[in-house]
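The values are calculated or read from the model by the stated rules, or taken from the named source; none is laboratory data. Just so we're clear, the structure is a prediction, and the values are computed from it rather than from any experiment. Neighbour counts run over all protein chains shown; Cβ positions are idealised from the backbone, glycine included.
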Number of protein chains: 2
Amino acid sequence: MKCILDPINAETKKRRLEEFQRRCREAGIPVTNQRRIVLEVVLGMHCHPTADQVHASLKVRRARISRATVYRSLESLVLLGVITKACHPGDVVRYDARLEPHHHLVCLECGDVVDIADPEITPPTLPDMSVFGFEVKDCRMQLRGVCRRCRRKEKRR
Amino acid sequence: MKCILDPINAETKKRRLEEFQRRCREAGIPVTNQRRIVLEVVLGMHCHPTADQVHASLKVRRARISRATVYRSLESLVLLGVITKACHPGDVVRYDARLEPHHHLVCLECGDVVDIADPEITPPTLPDMSVFGFEVKDCRMQLRGVCRRCRRKEKRR
DNA sequence: ATACGTGCAAAGCGTTTGCATTTCT
DNA sequence: AGAAATGCAAACGCTTTGCACGTAT
C-alpha cells in the first residue's frame, strides 16, 4: 500500500499559479509579486506549513518579504480559495496547499499532520448537511493517533 | 435526519468523572479540586471550548481558579486521555470532551465546529496505518464548508 | 514529610494593526 | 490618478513559566 502523498508536481504548480491569477482578476484584487511568490513557495513546501515556516522558506529563496505581508498574503490566498487553512490540534495556524480530496494522519502528541490518500475510506459522495443550513465543500478523514517518532519517545520513558 | 449531538448527559458525566479519578490513581497524579472542577465544567459546555471560555465558565459557577491553572489542568486532562484537543482551522487551542466516535462540521469562514453523528459515513473499522509506524486511535470525518450564519453574511454583501 | 499543584505576575510568541510609502490597475 | 498592498514597528492576545506558597498522598 502506498498512500503518503508526494509533493505537488511541477505541472500542477503551473496550473495552480494560473488559477490564482484568474481568480485575482475575477475578484478584482491585484496580482502582486509577493502574493505570487508566497503561493509558489507554499506549493513547494511539505504539508501544512505555518506562516513563519513560509517566511523562513522565502528567506532561503532570497525573497525579502516582510512577516506581516506573508501573513496577509496567506490570508488572501485562503479568501481566493487557492489554499485552505488546515485543521490542526495545535495553537498555530497552518495552511494546506493541496486542494484535491485527501486525508490526514494527525499525531495527538506532537500535532504533526501527514497527507494520505486512501480511496477505501473515502465516501463516494459528499454527505448532505443542508438540513442544518450547512454547505459542504469538502470532506476529510482524520486518523488521529500517535506517530512513529512520538511512539519511540514513549518507549524510552 | 437527526445528527447534531446533544450535550453530554448527567449519567455519562458521572461515569467520566469516575474514570478521571481512576486514571489519576493509575498515573499517580493527585486528584485536585481544580482539575476535577475543570473537567466537570468542560463536560457541561457546548462543543470545543477554548481555555479562556472554560475559565469564564468557571467564574459563572463561582469557582475561582486562576487562568494558568485552567491551562495546566486542561493539558493534564489531555495527557490522562480524559478529553482531547479538537482539530480546528484557527489559532486557538480548543478541547473536545466527547470521546465516543463522532464527526465534525467545520466552518472555514468562522472556524466554528459542530459535533455530528452520522453512522452512514463512519467506516466500520479503523484503517491500519502501521506501515507508517502510525498507531490510529480514532477516526473523525471533517465536513468542511460554510455554516448557516456565514452564508447569510455572504448574501448580504 | 515530600512531591506535586496552585496563584500571581511577568515573559514569550504568533498574529494583527496603524501609518507612511510603494505598487498595481 | 486612485485604490490597494507593502514594510516597519508597535500593539495585541493566547499561552507558558518562575517562584513562593498550599495541598494531596
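Look at segment B:74-104 and say how many of its residues are within 25 Å of A:His48 (Cα to Cα) and in contact (Cβ under 8 Å) with a residue 60 or more places away in the chain.
Of the residues in that region, 1 qualify.
Answer yes if at least one residue in segment A:3-10 is of a type in the set (Gly, Ala, Ser), within 14 Å of DNA strand C (Cβ to nearest atom) and out of contact with any Ser or Thr (no Cβ under 8 Å at 6 or more places or on another chain), and no otherwise.
There is no residue in segment A:3-10 that is of a type in the set (Gly, Ala, Ser), within 14 Å of DNA strand C (Cβ to nearest atom) and out of contact with any Ser or Thr (no Cβ under 8 Å at 6 or more places or on another chain).
Does segment A:95-103 contain any residue that is farther than 21 Å from B:Val113 by Cβ and not hydroxyl-bearing (Ser, Thr, Tyr)?
Of the residues in segment A:95-103, the ones farther than 21 Å from B:Val113 by Cβ are A:97, A:100.
Then keep just the ones that are not hydroxyl-bearing (Ser, Thr, Tyr); that gives A:97, A:100.
Yes, segment A:95-103 contains a residue that is farther than 21 Å from B:Val113 by Cβ and not hydroxyl-bearing (Ser, Thr, Tyr).
Considering only residues of segment B:18-33 that are of a type outside the set (Lys, Arg) and surrounded by 16 or more Cβ atoms within 10 Å (Cβ to Cβ), which is farthest from DNA strand C (Cβ to nearest atom)?
B:Phe20
Just the residues that are under 16 Å from A:Leu5 (Cβ atoms) and more than 9 Å from chain B (Cβ to nearest Cβ), please, taken from segment A:80-94.
A:Ile83, the sole residue that qualifies.
So, in segment B:95-145, exactly how many residues are facing chain A (nearest Cβ under 7 Å) and aromatic (Phe, Trp, Tyr)?
2
Among the numbered criteria (1) away from DNA strand D (no atom under 16 Å from the Cβ); (2) farther than 21 Å from A:Thr122 by Cα; (3) out of contact with any strand residue (DSSP E or B) (no Cβ under 9 Å at 6 or more places or on another chain); (4) within 13 Å of chain A (Cβ to nearest Cβ), which single criterion is violated by B:Tyr71?
Status for B:Tyr71: all satisfied but (1).
Every residue in segment B:34-70 that is farther than 15 Å from B:Arg16 by Cα and within 9 Å of DNA strand C (Cβ to nearest atom), please.
B:Gln34, B:Ala63, B:Arg64, B:Ile65, B:Ser66, B:Arg67, B:Ala68, B:Thr69, B:Val70
Of the conditions (1) within 15 Å of the chain's Cα centre (by Cα); (2) more than 15 Å from A:Arg140 (Cα to Cα), B:Val113 satisfies every one except a single condition; which number is it?
(2)
Residue-by-condition table, conditions (1) buried (at least 20 other Cβ atoms within 10 Å of the Cβ); (2) in contact with a Lys or Arg (Cβ under 7 Å, 6 or more places away or on another chain); (3) at pLDDT below 85; (4) not assigned by TED's automatic domain parsing to the domain that holds B:Pro49:
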{"position": "B:His103", "(1), (2), (3), (4)": "yes, yes, no, yes"}
{"position": "B:Val131", "(1), (2), (3), (4)": "no, no, no, yes"}
{"position": "B:Met141", "(1), (2), (3), (4)": "yes, no, no, yes"}
{"position": "B:Gly145", "(1), (2), (3), (4)": "yes, yes, no, yes"}
{"position": "B:Arg148", "(1), (2), (3), (4)": "no, no, no, yes"}
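With the structure loaded, tell me whether A:Lys153 is more than 9 Å from chain B (Cβ to nearest Cβ), out of contact with any helix residue (DSSP H, G or I) (no Cβ under 6 Å at 6 or more places or on another chain) and not β-branched (Val, Ile, Thr) or whether it fails that test.
Judged against the criteria, A:Lys153 is a match.
Give the residues of segment B:1-24 that are basic (Lys, Arg) and either more than 16 Å from DNA strand D (Cβ to nearest atom) or modelled with pLDDT under 95 (or both), sorted by residue number.
If the condition is that a residue be basic (Lys, Arg) and either more than 16 Å from DNA strand D (Cβ to nearest atom) or modelled with pLDDT under 95 (or both), then B:Lys2, B:Lys13, B:Lys14, B:Arg15, B:Arg16 are the ones that fit.
Does B:Gly145 satisfy the criteria of being free of Cβ contacts under 8 Å to residues at least 60 places away in the same chain and either charged (D, E, K, R) or within 27 Å of A:Cys150 (Cβ to Cβ) (or both)?
no
Hey, can you tell me all the residues within segment B:40-64 that are aliphatic (A, V, I, L, M) and away from DNA strand D (no atom under 12 Å from the Cβ)?
Passing the criteria: B:Val41, B:Val42, B:Leu43, B:Met45, B:Leu58, B:Val60, B:Ala63.
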